[in-house]
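Just so it is clear, none of the values below were taken in a lab; they were calculated from the coordinates. It should be emphasised that the depicted structure is a prediction, and the values quoted were computed from it without experimental measurement. Positions of Cβ are backbone-derived with ideal geometry, glycine not excepted, and every protein chain shown enters the neighbour counts.
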Amino acid sequence: MRETIGDLWDYLGQAPICVTTGALVSPRGECIMLRGCARQARDRFPELPRQLGQLLRQGGNQVYELAHGLVSFPVEDSPFEVPGLGRIERSCAELLTLADARGWSRVVVPRPGCGGGGLQWQEVRPILNKYFDERFWVIHSS
């Protein structure tokens, strides 16, 4: 795992970008994407909440390859709860499997659960380090 400082969106089109998500779907069938990089992704790509909402309803809360080179990375079931370390660990394992299957040479991941989610990087980092090799770039702003 590599750690870097910068803007997640600078890698758009260069590598798959993970967006931390939850599983709450509105009555209209859209994933609720209220804060952090999920909100930024929603604002950039207005069709994304509907795409992810459909996937969540069909397959549950898991890692999905999305449009525009994005990948969902579940950290919680609802944006109204604290992200869970167990959920983050499952997402790491699922992302690793997807990266291997797709042959990705670089995947950009924000510090999951550490922004609006309120988790501390010191408790999340060992989980990511357990799964991620040098292909995974964990990014945060300064």
Compare the Cα positions of Pro49, Pro27, Gln14 along the charge dipole of the stretch 1-101 (+1 at Cβ of Lys, Arg; -1 at Cβ of Asp, Glu; about the Cα centre) and return the one farthest towards the positive end.
Pro27
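In the P(r) worked out for the stretch 91-131, what percent of Cα pairs fall beyond 15 Å?
Value for the stretch 91-131: 46 percent of Cα pairs lie more than 15 Å apart.
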Whole-Hz Karplus ³J(HN,Hα) for the stretch 97-112, in order, using 6.51 cos²θ - 1.76 cosθ + 1.60 and θ = phi - 60°, x for Gly and Pro?
4, 5, 4, 5, 5, 8, x, 5, 8, 8, 9, 9, 10, x, 5, x
Given H placed on each backbone N at 1.01 Å, which residues far from Leu119 in sequence or on other chains put an amide H within less than 5 Å of it?
Cys114
Which far-off residues, 5 or more places away or on another chain, put their amide H under 5 Å from the one on Val71, with H placed in the peptide plane?
Ile17, Cys18, Val19, Leu66
Using unit Cβ charges (K, R positive; D, E negative) and no other charged atoms, how large, in debye to the nearest 20, is the dipole of the stretch 1-116 about its Cα centre?
140 debye
Quick one: Debye curve from the C-alpha atoms of the stretch 2-140, no solvent, what's log10 I(q)/I(0) at q = 0.10, 0.20 Å⁻¹?
-0.28, -1.24
Taking neighbour counts of Cβ atoms within 10 Å as a proxy for exposure, in what order, fewest first, do Ser78, Ser72 appear?
Ser78, Ser72
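Based on the Kirkwood radius over alpha-carbon pairs, what value in µm²/s does the Stokes-Einstein equation return for the translational diffusion coefficient of the stretch 57-126 at 20 °C and 1.002 mPa s?
Values: Rh = 12.9 Å.
This corresponds to a translational diffusion coefficient of 166 µm²/s.
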Counting each DSSP H run of 4 or more residues in the chain as -39500 (n - 2.57), what helix-only mean residue ellipticity at 222 nm follows after dividing by all residues, to the nearest 500 deg cm²/dmol?
-11000 deg cm²/dmol
Using amide H atoms built in the peptide plane, which far-off residues or other-chain residues are under 5 Å from Phe136 H to H?
Arg2, Val107
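Excluding Cys114 itself, calculate the net charge of residues whose Cβ lies under 11 Å from the Cβ of Cys114, where each Lys or Arg counts +1 and each Asp or Glu counts -1.
My count for the surroundings of Cys114 gives +1.
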